[in-house]
1. What number of residues within the range 706-721 satisfy the criterion of being open to solvent by 50 Å² or more (accessible area, probe 1.4 Å), in a helix (DSSP H, G or I) and either closer than 18 Å to ALA664 by Cα or touching a Cys at 6+ places or on another chain (Cβ under 8 Å) (or both)?
2. Residue by residue through the range 722-768, note down the ones that are open to solvent by 20 Å² or more (accessible area, probe 1.4 Å), over 15 Å from ARG791 (Cα atoms) and charged (D, E, K, R).
3. Out of the strands (runs of 3 or more DSSP E) lying entirely within the range 144-203, which hold 2 or more residues that are surrounded by 24 or more Cβ atoms within 10 Å (Cβ to Cβ), touching a helix residue (DSSP H, G or I) at 6+ places or on another chain (Cβ under 9 Å) and not aliphatic (A, V, I, L, M)?
4. Evaluate the following for LEU226: is it among the aliphatic types (A, V, I, L, M), more than 28 Å from ALA157 (Cα to Cα), open to solvent by 10 Å² or more (accessible area, probe 1.4 Å) and at pLDDT 95 or above?
5. Can you name the number of the only condition in (1) open to solvent by less than 50 Å² (accessible area, probe 1.4 Å); (2) modelled with pLDDT of 95 or more; (3) out of contact with any Leu (no Cβ under 6 Å at 6 or more places or on another chain) that LEU771 fails?
6. Mind listing just one residue for me: the one in the range 429-454 that is outside any helix (DSSP H, G or I) and open to solvent by 60 Å² or more (accessible area, probe 1.4 Å) and, of those, farthest from TYR362 (Cα to Cα)?
7. For the range 601-628, name all the residues that are within 23 Å of ALA691 (Cβ to Cβ), of a type in the set (A, V, I, L, M, F, W, C) and in contact (Cβ under 8 Å) with a residue 40 or more places away in the chain.
8. Hey, does the range 661-671 have a residue that's at pLDDT below 95 and either in a helix (DSSP H, G or I) or more than 26 Å from the chain's Cα centre (by Cα) (or both)?
Amino acid sequence: MKEHCGGLGRAGEARAFAFPSARENYAADRPIRAEHLRLEVALDFEAREVTGTCSTRLRAVREVGSLSFDAVGLEVEWATVDDARVDFTNSGRHLRLQLSRPLSPEESAEVAIRYRCQPSRGLYFFGPDQGYPDRPLQAWTQGQDEDSRCWFPCLDAPAQRATSEVIATFPAEMTALSNGELVSDKVQGGLRTMHFRLGVPHPPYLVTLAVGELEEASDKSGQTRLRYLFPPGRREDALRCVGRTPEMVAAFEELTAQAYPFGTYSQVFVTEFIFGGMENTSATTLTELLLHDERAHRDFTAEDIVSHELAHQWFGDLLTCRDWAHGWLNEGFATYLEVLWREKSQGVDEADQHRRDCLRFYLEESGQRYVRPIVTRRFDEPIDLFDRHLYDKGALVLHELRRRLGDPLFFKALRRYVELHRGRSVETVDFARTVEETTGRNLDGFFDQYVFAPGHPELKAEVRFEPEEKRVRLRVRQTQKTAEGGWPIFRLPIDVQLWEGRRSTAHHLELVDQDQVFYLPASREPTQLLVDPRRDVLGTLEVDKPLSCWLEELKEAPYALSRSEAAMALARDGSSRAVEALATSLAKDGFWATQAACAKALGKVRTPAAKRALLSHLSLSHPKARRAVMAALGEFKRDEEVAKSLSEVCRRGDESGFVEGEAARSLGKVRAKSALGLLEEVSRRRSFQDAVAAGAIDGMAETMEPEAFARLEPMTRYGQPPYVRRAAVLALGKLAEPAQKKREALEALKELLRDAQLRVQLAAVDAAEALGDRRMVEALESTPFSDGRTRRAAREAARALCEGEPQRKELSALREELDKLKEETRALKERLEGLSTPKAARARKPPAAKRRAVSGRASRRPR
């Protein structure tokens, strides 16, 4: 499972992960084992009701006199055991069947339960309404983590694995997708019945059903048949998303040394899906928000989420975590296979960049929200665990393991793990023991530090050349808190590349102490000294070294991440040499992410020369680099020249909707005069995921103009495009400073917390925290959210408001003061730059075009 839209970050100091209400959670007892599930359901779209019979063949592990099924909100008509009616009690959460005689150990029984429900979770009906008259009529399921029990009675635990059949009846004009192969397809009396069967055992949360008016395309990868289902008329858009699935299947079969295990692999795009994707066994569900046109394809791809859900067919479906505490064995592995797919399909620099994003997401969560062990049993509900620790840190742990073992042993261990545990439930110890048995390495300490304990290394390195001794002194300190309640001293390898001109020497160092010094031979002062050159370390790293090294590394380092790190270091220096080097690399570097880092660095420097460099490169070829330039220009507040250039981009548009939206966002940030009207105009332009409109809405909020609130509030209303609503809701929290506006914002946000759209609810929670008013606490705590993610987010927001409203206001005021100081500093630098020009030169300035040619620093005008 992956949330495509991502969580909304909340600034502030990290707090405890577990709330006081949390308890220790362990896998439930299993006195019975499910062996086969047969689910016959009829869908009534008008009543939004499911009527069905769920038959389960089970086997007793020990003697049992009653059977208990998870069943939330199901109205049960009758139940039979081996065709004989039995008495039952239904608590609304659990269904208990009283047996006429006990089942003996290893004795099997056939249980059938007839029921109906109007599910609020697990299975969702969607159709047109007054707000969205064009919304298609669909029904689809989402079982992870414990929601399958909301639409059929089951033994709803990851460790309960059974073969399955789903027989669904629905209007004849629709089609359906479920797990496994299609056994039969019949139409009678205006109704269609489709029968699916999967012969490989899998858990209840992976049982799926999607029904709607859908078109289909097909493909093959070796012996695996591939099916793609999508809304009518969206074939090309769907193939842009899933077109490389055959290559991915082949890559993951090679990686795991296991053929795709479920026969056919299908992917279906559905409306208003509550995640980005879900890895139902053999039949992945994807949000239709991923479907994109040719314009968006320039700088958007669905390959990360498509590869993630496909990877789950091995890690999550074929091998499944025994309980949710060990969920990283599903999600961390699938996230790392995203990285491995990028490495194979796009090269090392793209893979490193994706892994760097994983590290950034994890560090943001650990710095702003909480720190926890990857494996923890203390939580309120399993969905609490589906965070950046589970996904991103889990993936980075695998990369750390790969660094320690080397590629041959790492991939050998990975293949052995799949071979040994296919078709089984697994815990972390199963993976650890497989690695140990395959490689001969005892990694208990590794797993204790990175998986079962919270935190990560925080490294500070200092590089000094000692010419007399002809050596480099490298001091590395671990600065994470190590007192009682803090994090441990980590034992980890770290790579260093020392360059003397064109000659490089690689050093593999081992950190074992809190403070260590290494001496590296060097006949002369190094031109580059790359500490952790591919940014492999799972943790933070700050390096102090001479400016000359950073300058050379920005220009010549072999890895893009090293060049990007150099760019950010030069931003901290801010000298004219640094700006000149950043401007050169912005224009010439061959990798978009390094160009983007240079743009960001120039935005942080904010000198006249930095501004000229950015304005000279509004037309960089890669849209992601161009977008970074637009974002960096947003740092030049109240700069008329910058505002004019951003306004021109907004008026004429850009090949990329993301670039266009970023230009609008930055135009608002610079607080340009009369920007509000232009931004409102831009907000009406439609694009993929409404990137243009969302950027304009953010820009309108950034202007802090009093009239912006009244213009944005209507955009929050039901019926507006979802991404527009989300952006407008977040804007309310920024704009509600006057008392009257704050009252309006409070009332609007309280109502939006109860909105029908999940992502709007989440945006309202974040806006409530951004608003910083403790009067929102009661609404956050009392609103009956149906989704666990919203419940968790609301509790965190309420806690933050209770603890931090005065600090938030003080921080906001300090930021405003800082912005003013930066502007004054920039103005001073402009004056100093003017004074540094010789008086004669100032008196005899050539015409503008000639002046640029003479200076050698010509500004390239955008085409």
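The values are calculated or read from the model by the stated rules, or taken from the named source; none is laboratory data. Note that the coordinates shown come from a computational prediction; the quantities given were computed from them, not determined experimentally. No Cβ is skipped: glycine too gets one built from the backbone with ideal geometry, and neighbour counts run over all protein chains shown. The protein model used for the area step is the full one, side chains on, heavy atoms only, and it has no ligands, DNA or RNA in it. Shrake-Rupley method; radii C 1.70, N 1.55, O 1.52, S 1.80 Å.
1. Selection size over the range 706-721: 1.
2. Answer for the range 722-768, where residues must be open to solvent by 20 Å² or more (accessible area, probe 1.4 Å), over 15 Å from ARG791 (Cα atoms) and charged (D, E, K, R): ARG726, LYS734, GLU737, LYS741, LYS742, ARG743, GLU744, GLU747, GLU751.
3. Details: elements: 162-171, 175-178, 181-188, 191-202.
The strands (runs of 3 or more DSSP E) meeting that bar number zero.
4. no
5. For LEU771, the failing item is (2).
6. My answer is GLY440.
7. LEU615, LEU618
8. Residues of the range 661-671 that are at pLDDT below 95, as a first pass: 671.
Within this subset, residues satisfying the condition of being either in a helix (DSSP H, G or I) or more than 26 Å from the chain's Cα centre (by Cα) (or both) are 671.
Looking through the range 661-671, at least one residue is at pLDDT below 95 and either in a helix (DSSP H, G or I) or more than 26 Å from the chain's Cα centre (by Cα) (or both).
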